[in-house]
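Please treat every number below as a calculation from the coordinates, not as lab data. Just so it is clear, the structure is predicted and the values come from calculations on it, not from any experiment. Positions of Cβ are generated from backbone atoms using ideal geometry, with glycine treated the same way; all protein chains shown enter the neighbour counts.
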Amino acid sequence: MAQFRSSESLTPVVRNLLIANGLVFIAQSVFEQQGMYLELWGALWPIQSGNFKIWQLITHMFMHGGILHIFFNMFGLIMFGKILENFWGAKRFFQFYLICGIVAGIAHLLLSGSEGYAIGASGAVMGILAGFAYLFPNTPLFLFLIPIPIKAKWLIPGLMALDVFGAVSSQPSNIAHWAHLGGAAAGLLLVIIWNKSNRKTFY
């Protein structure tokens, strides 16, 4: 989605999240070939479906629906997650990631009206993007195929605006827009609370 230069090495939590998501994705494929679907257990199902379990608010974050789905989520995690982990430390970043993902799931359950299940780390990643935009608003980012740098404070809210449009649109979509927005809102609120007395560190 965007390019941002930072330290080259992966941070511990980001690395472990990549491994966990990769292993679950492989397991999904292997079990599916045997006629067994991990989504029945780990995806986030609507409460009224009869398949909903409380742990799905966490497990759905580690499941994906295809190569492109997991690629873009893990790309965002790598590009922006390691920056926030370096900024906060591993423990706080992991808390941030889980909270954003859980709130994203709750937002999806309450607001989407979807009858199908939801999977993916997109809500948590959108929280990371929101946190990055608040902490590093003037960082220039480059979208794929667009050679013009756009500051994070404009580009990331622009992406969120697309989710708002998708969420209120009457057009059918398999994108969990409310989950994205819930994760972004959680991320923004957390960084405001955590950094309200430390604004001098922003740039």
query = Computed over the Cα atoms, what is the radius of gyration of segment 6-83 divided by 2.2 N^0.38 Å, N being its residue count?
reply = 1.23
key: Electrostatic dipole magnitude of the chain [Cβ: Lys, Arg +1; Asp, Glu -1; Cα centre; debye, to 20]   = 860
remark   = hull vol. (C-alpha, convex hull) per residue for segment 66-149, Å³ -> 120
task = Determine the dipole magnitude for segment 1-106: charges of +1 sit on the beta-carbon of Lys and Arg, -1 on that of Asp and Glu, nothing else is charged, the reference point is the Cα centre, and the result goes in debye to the nearest 20.
result = 320
inquiry  = Along its three principal axes, how long is the chain when you only count alpha carbons? Whole Å, largest extent first please.
reply    = 51, 38, 37
task = Find, to one decimal place in angstroms, the Kirkwood hydrodynamic radius of segment 132-196, where the mean of 1/r is taken over every pair of different Cα atoms and then inverted.
result = 13.1
request  = Under 1.5 on a/c is rounded, so check that first for segment 84-203, then, if it is not, pick prolate when a/b is larger than b/c and oblate when it is not; a ≥ b ≥ c are the square roots of the alpha carbon gyration tensor eigenvalues.
outcome  = oblate
message = So for each of 129-135, 34-40, 106-112 I average, over its residues, the number of other beta carbons within 10 Å; can you give me the resulting order with the highest mean first?
response = 129-135, 106-112, 34-40
